[in-house]
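Let me begin by presenting the structure, written as structure tokens, before commenting on it.
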Amino acid sequence: MDQFVWKPGFALGITEIDLQHQTLLKYLNECIRYASGHDAIVDTHGIINDLKSYARLHFTAEEALLRKVGYPGSEEHQQRHRLFEEQVAQMEQAVSNGEKHAVTSLVSFLRDWYMQHVLVEDKRYAEYMQAKGYDKNISIW
């Protein structure tokens with residue numbers, strides 16, 4: 001599987017969130033790298049835990065930002081974050097159980113999620129913030 005490369009078109013124009021999205025991309029690339037290895041199940045456990053921890057941190061920050069700016073889709077966006085966490089937990093269990101193709105399924109899910117959530121759904125709140133005149137360097141907290 002090919003690694004993801006950050007492109008300017010991925011940017012939302014919100015400095016802190018864009019930096020977090022770049023970090024999420026690094027975790028996705030770590031999963032891709034491990035999935036390509038011969039001992040993917042053992043190596044992937046640590047990176048899945050790191051990914052889950054960082055995603056939780058990012059989701060907390062993003063949800064705080066959406067509340068701060070009064071984004072009308074905030075609740076639905078938060079539900080999508082919870083769904084992501086549930087799906088990753090299920091896939092992590094499949095990896096732990098040694099299920100065939102579990103790691104590659106996880107990587108495919110993460111790639112699809114990144115493209116849909118970050119590049120489509122997150123763009124919606126970025127457009128809302130831009131329309132409302134929020135500064136790209138807005139403090140989340």
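For the stretch 1-104, run through the chymotrypsin sites (Phe, Trp or Tyr not before Pro) and keep only the ones in DSSP coil with at most 15 other Cβ atoms within 10 Å of their Cβ. It would help to have the intermediate numbers written out before the result.
Details: sites: PHE4, TRP6, PHE10, TYR27, TYR34, TYR54, PHE59, PHE84; in loops: PHE4, TRP6.
The qualifying sites are TRP6.
Multiplying the residue separation of TYR134 and ASP112 by 0.36 nm and subtracting their alpha-carbon distance yields 5.0 nm. Shown for the chain are the DSSP H helices of 15 Å or more along their axis, judged by Cα atoms, with a mean Kyte-Doolittle hydropathy of at least 0.0: 40-69, 102-113. Sorting SER139, SER74 by the number of Cβ atoms found within 10 Å of their own Cβ, with the fewest placed first, yields SER139, SER74.
Computed over the chain with a Gaussian network model linking Cα atoms closer than 10 Å, the most mobile of MET91, MET115, MET129 is MET115.
Between LEU19, LEU51, LEU66, the Gaussian network model of the chain with springs among Cα atoms under 10 angstrom shows the greatest mean-square fluctuation at LEU19. Exposed loop sites were defined as trypsin sites (Lys or Arg not before Pro) in DSSP loop states (anything but H, G, I, E or B) carrying at most 15 other C-beta atoms within 10 Å; in the chain the longest segment without such a site runs 1-99.
Residue separation of SER36 and GLN90 scaled by 0.36 nm, minus their Cα-Cα distance, works out to 17.4 nm of gained length.
Pairs of Lys residues in the chain are counted when their Cα atoms are under 30 angstrom apart and they lie 8 or more places apart or on different chains; the count is 20. Of the GluC sites (Glu not before Pro) found in the stretch 75-132, those that fall in a DSSP loop while having at most 15 other beta-carbon atoms within 10 Å are GLU99.
Read-outs: derived from the displayed coordinates by stated rules, not from any lab. Predicted model, so just to flag it, every value in this text is computed and none were measured. Methodologically, a virtual Cβ is constructed for each residue, glycine included, from the backbone with ideal geometry; neighbour enumeration extends over all protein chains shown.
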